[in-house]
Structures are given as C-alpha cells and as structure tokens.
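Written below as structure tokens is the structure these notes are about.
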Amino acid sequence: MEIVFIGKSEKDIKEWKNAGDVAVLKRIRKLLESIQETPFRGIGKPEPLSHDLSGKWSRRINQKDRMVYAIEDKKIKVYSLKGHYEKS
C-alpha cells in the first residue's frame, strides 16, 4: 500500500526528523509496516475513531502521541503523528 502524509502529518514528520528522535521515527516506521500487513489489528493498540473522525483509526506512537490514519483506495492516509486526536 502507498503511504500518503496529509496536512498536519507532513509537518509532524518533519518535526520528528528535525528533532532527531530516532526511537519515535523507528516506532512510526514499525506502525506503518504493521498497518500495511493488517490495517486494523497489530501493534500500537489500533482503535476506530468516532464522531468527527469517523472512518479514521488511531495507534499509539508513545504515551503522549498518536498516529491518526485511514485506509482509502489502497492507500494509507496519515493525518497526524503528534498529540491526540484532532480534526484533520
């Protein structure tokens, strides 16, 4: 599956790279690999989001940050990589 960073996630990934946080970047890579294999199961405690974020899923990057993503047209669309759930 193709991985597409949308909106806030583009800024978030650049911030993680600039910060040089190798552990977080490695975790994000592992989460994306897991999503490619099993989009709605696996590591990071995947959970479906509701209300305004219905159709999107969340996985834990670390205690503070979550990855918000959706699977659309055989693509992994990543909306956020920092903080908790926000409208994207």
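Would you check if residue 58 is small (Gly, Ala, Ser) and touching an Asp or Glu at 6+ places or on another chain (Cβ under 7 Å)?
So residue 58 fits the description; yes.
Under the condition of being crowded, with 16+ Cβ neighbours inside 10 Å and over 20 Å from residue 33 (Cα atoms), which residue from segment 50-88 is modelled with the highest pLDDT?
Here the answer is 53.
Return the residues of segment 16-28 that are out of contact with any helix residue (DSSP H, G or I) (no Cβ under 6 Å at 6 or more places or on another chain) and either over 18 Å from residue 75 (Cβ atoms) or exposed (fewer than 11 other Cβ atoms within 10 Å of the Cβ) (or both); say none if nothing qualifies.
Correct list: 17, 18, 19, 20, 21, 22, 23, 26, 27.
So, in segment 44-53, how many residues would count as being more than 11 Å from residue 31 (Cβ to Cβ), in contact with a strand residue (DSSP E or B) (Cβ under 8 Å, 6 or more places away or on another chain) and outside any strand (DSSP E or B)?
2
Being small (Gly, Ala, Ser), under 14 Å from residue 57 (Cβ atoms) and either in contact (Cβ under 8 Å) with a residue 60 or more places away in the chain or not in a helix (DSSP H, G or I) (or both) is the filter here; which residues of segment 1-40 pass it?
Across segment 1-40, the qualifying residue is only 9.
The values are calculated or read from the model by the stated rules, or taken from the named source; none is laboratory data. What you see is a predicted model, and the numbers here were worked out from it, not measured in a lab. A quick note on method: Cβ atoms are made from the backbone with ideal geometry, for glycine too, and the neighbour counts reach across all protein chains shown.
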